[in-house]
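So the structure is just underneath, and the comments pick up after that.
The values are calculated or read from the model by the stated rules, or taken from the named source; none is laboratory data. Only a predicted model underlies this, so the values are computations on that prediction, with no experimental measurement involved. Glycine gets a Cβ as well: all are built from the backbone with ideal geometry, and neighbour counts include every protein chain shown. The area values use the complete protein model at the heavy-atom level, side chains included, leaving out ligands, DNA and RNA. Shrake-Rupley method; radii C 1.70, N 1.55, O 1.52, S 1.80 Å.
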Amino acid sequence: GNIIKVINGEFMIILIVASALGSALGYLMTDKMMDAIWEYYLPVNFATLGICMVLLFLVTLVTVGYKTIATAWMNPVNSLREQ
């Protein structure tokens with residue numbers, strides 16, 4: 001349990017910073033692109049960005065959590081024998 005907290009904690013900090021910067025830049029770039037292409041369009045709102053960030057975190061937690069648990073349950077003798 002402690003290994004999972006340490007690995008996921010560090011990864012989540014990186015993911016939070018990346019998603020905050022990516023969401024802000026994506027919002028600005030999408031708004032400018034849509035404004036350049038169409039005169040009337042439905043603007044991107046923060047609810048859409050929030051839903052995308054929540055889905056990103058869920059997929060990340062499932063993926064990293066599965067890999068961490070699989071690694072923690074692996075027998076160290078087998079991994080040493082293969083190398």
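Could you work out what % of the accessible surface of the chain is carbon and sulfur, using a 1.4 angstrom probe and leaving DNA, RNA and ligands out of the count?
Reported share for carbon and sulfur atoms: 73 percent.
Go ahead and run the numbers for FRET between residue 75 and residue 46, Cβ-Cβ distance against an R0 of 35 Å, rounding to 0.05.
Values: r = 47 Å, r/R0 = 1.34.
Working from the Cβ atoms, E equals 0.15.
Read phi for every residue in segment 19-33 and hand back ³J(HN,Hα) as whole Hz from Karplus 6.51 cos²θ - 1.76 cosθ + 1.60, θ = phi - 60°, with x for Gly and Pro.
Result, ordered by residue: 6, 5, 5, x, 5, 5, 5, x, 4, 5, 5, 5, 5, 5, 5 Hz.
Which value, to two decimals, describes the C-alpha radius of gyration of segment 19-83 once divided by 2.2 N^0.38 Å? Let's see the in-between values first.
Numbers: Rg = 20.5 Å, N = 65, 2.2 N^0.38 = 10.7 Å.
That works out to 1.91 for segment 19-83.
Once you wrap a convex hull around the alpha carbon atoms of segment 1-55, what is its projected area averaged over all directions, in nm²? All intermediate terms of the calculation are to be shown ahead of the outcome.
Numbers: hull surface 17.2 nm².
Result: a mean projected hull area of 4.3 nm².
Taking the solvent-accessible surface of protein heavy atoms with a 1.4 Å probe, what is the per residue accessible area of segment 22-83 in Å²? Provide the component values of the computation, followed by the final result.
Values: 5370 Å² over 62 residues.
Dividing the accessible area of segment 22-83 by its residue count gives 87 Å².
Which length gain, in nm to one decimal place, applies between residue 60 and residue 7 when the Cα-Cα distance is subtracted from 0.36 nm times their residue separation?
Numbers: separation 53, 0.36 × 53 = 19.08 nm, distance 1.21 nm.
Contour length minus Cα-Cα distance gives 17.9 nm.
How do 46, 57 stack up against each other in accessible area, from largest to smallest, with a 1.4 angstrom probe?
Putting 46, 57 in descending order of accessible area: 46, 57.
Can you tell which of 12, 53, 33 shows the greatest fluctuation in a Gaussian network model of the chain with Cα springs below 10 Å?
33
Just from its helices, what would the mean residue ellipticity at 222 nm be for the chain, if runs of 4 or more DSSP H residues each count -39500 (n - 2.57) and the sum is divided by every residue, rounded to the nearest 500 deg cm²/dmol? All intermediate terms of the calculation are to be shown ahead of the outcome.
On the way: 3 runs with 71 residues, N = 83.
After summing the helix terms and dividing by residue count, I get -30000 deg cm²/dmol.
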